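J.: Sharing a structure below in structure tokens format, with a few things to ask.
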Amino acid sequence: MREALIAIGRDALGSLRDLLPIVIVISVFQIFVIQQPAADLLPLAYGALLVVAGLTLFIYGLRMALYPVGETLAYSLAKKGSVFWLMIFAFLLGFGTTIMEPALIAVAAEAADVAALEGVIEQSENAKWRYALGLRLTVGVAVGVALVLGVTRILLNWSLPGMIIGGYIVVVLITTVAPREIIGIAYDSGGVTTSTVTVPLVTALGVGLASSIRDRNPMLDGFGLIAFASLLPILFVLVFGMLV
């Protein structure tokens, strides 16, 4: 119990240190540029404390459970030679973590509101809900496929730079024929997938898998899955926009 409290306290200090520059910048602009009363900073301070508490518990939970689980499962499946189940695990891990990604939920909801405002979809809650859900599912499937592709690269020792360069060439080509309304959303979708929930688990998967295979270096081969998780959502959302 004591070790857990010490670890949580260490994570709290780290979260506070990371958040402090943002709080200082916002406070300076509030007081000296916008010139709002100091009393208006109280909600900001209260919100910052909640963010610190949330980040602390989230980081502690990731390090304690989710990160080891992702690494251990990938290692165990690879050691047993269960390639099929390793691929299933990779896809479901990518899909599940992406669907629950807070950043993606927020971006999808905002994209649905703007699409309704611009007349791309109907101005109704049901239409916006279906559009946002379709966008989230598309990105989730894209990240799942990306992890399967990344796992295949590690197993077969394919060239990471060649695959990434080739992928972005395809993205650029499809961008030229995709609807203009979806291009910005597609490129942002590639960014929101590499956020707080997805990154630690995807990294754990790659490192655990590379550690279990002979002649694979975890430093050289274990990383790079995040690049696929950023690339394929752009491609899939561009196609989603062309179809919808």
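The values are calculated or read from the model by the stated rules, or taken from the named source; none is laboratory data. If you're wondering where the values come from, they're calculated on a predicted model, not measured in any experiment. Quick reminder, even Gly has a Cβ in these numbers, built from the backbone with ideal geometry, and neighbours come from all protein chains shown. For the accessible areas, the whole protein counts, side chains as well, though only heavy atoms, and no ligand, DNA or RNA atoms are used. Shrake-Rupley method; radii C 1.70, N 1.55, O 1.52, S 1.80 Å.
J.: Considering all projection directions equally, how large on average is the shadow of the alpha-carbon convex hull of the chain, in square nanometres?
T.: Mean shadow area of the hull around the Cα atoms is 17.3 nm².
J.: Something else: Give a residue-ordered list of calculated ³J(HN,Hα) values for segment 199-215 (Karplus: 6.51 cos²θ - 1.76 cosθ + 1.60, θ = phi - 60°; whole Hz; x for Gly, Pro).
T.: 4, x, 5, 5, 4, 4, 4, x, 5, x, 5, 5, 5, 8, 10, 5, 6
J.: Another question, if that's okay. Once you list every other residue whose beta carbon is under 11 Å from the beta carbon of residue 63, what net charge do they have if Lys and Arg are +1 and Asp and Glu are -1?
T.: Taking every other residue near residue 63 into account, the sum is 0.
J.: May I pose another question? From the P(r) of segment 115-229, could you give the percentage of C-alpha pairs in the tail past 25 Å? Don't skip to the end; give the middle numbers.
T.: On the way: 2239 of 6555 pairs.
Value for segment 115-229: 34 percent of Cα pairs lie more than 25 Å apart.
J.: Could you compute the FRET efficiency for residue 30 and residue 50, with r as their C-beta to C-beta distance and R0 at 25 Å, rounded to 0.05?
T.: So the FRET efficiency works out to roughly 0.85.
J.: Need one number for segment 8-60: average projected area of the convex hull over its C-alpha atoms, nm². Each step should come with its number before you reach the end.
T.: On the way: hull surface 13.7 nm².
For segment 8-60, the mean projected area of the Cα convex hull comes to 3.4 nm².
J.: At a 1.4 Å probe, what is the % contribution of carbon and sulfur to the accessible area of segment 92-216?
T.: Within segment 92-216, the accessible surface is 66 percent carbon and sulfur.
J.: For segment 48-158, count the residues as N, evaluate 2.2 N^0.38 Å, and divide the Cα radius of gyration by that value, please.
T.: 1.37
J.: Can you give the local net charge around residue 227? Use residues other than it whose beta-carbon is closer than 14 angstrom to its beta-carbon, Lys and Arg +1, Asp and Glu -1.
T.: The answer is 0.
J.: Also, quick follow-up: Compute the orientation-averaged projected area for segment 75-122 from the convex hull of its Cα atoms and round it to one decimal in nm².
T.: Mean projected area for segment 75-122: 4.6 nm², to one decimal.
J.: Tabulate in residue order the Karplus-calculated ³J(HN,Hα) for segment 160-175, using 6.51 cos²θ - 1.76 cosθ + 1.60 with θ = phi - 60°, rounded to whole Hz; enter x for Gly and Pro.
T.: Computed from phi, the couplings for segment 160-175 are 5, x, x, 5, 5, 4, x, x, 6, 5, 4, 4, 4, 5, 6, 4 Hz.
J.: For every helix of n ≥ 4 consecutive DSSP H residues, a contribution of -39,500 (n - 2.57) applies; sum these over the chain, divide by its total residues, and give [θ] at 222 nm rounded to the nearest 500 deg cm²/dmol. Please report the intermediate quantities before stating the final value.
T.: Working: 11 runs with 193 residues, N = 244.
For the chain, the value works out to -26500 deg cm²/dmol.
J.: Let me ask you something else. Stokes-Einstein D for segment 166-244 at 20 °C, 1.002 mPa s, Kirkwood Rh over Cα pairs, in µm²/s?
T.: Translational D for this selection: 157 µm²/s.
J.: What does the charge count near residue 104 come to, summing +1 for each Lys or Arg and -1 for each Asp or Glu among other residues with Cβ under 13 Å from its Cβ?
T.: The answer is -2.
J.: To continue, here is another question. Using alpha-carbon positions, what is the distance between the centroids of segment 133-152 and segment 53-104, in Å?
T.: 14
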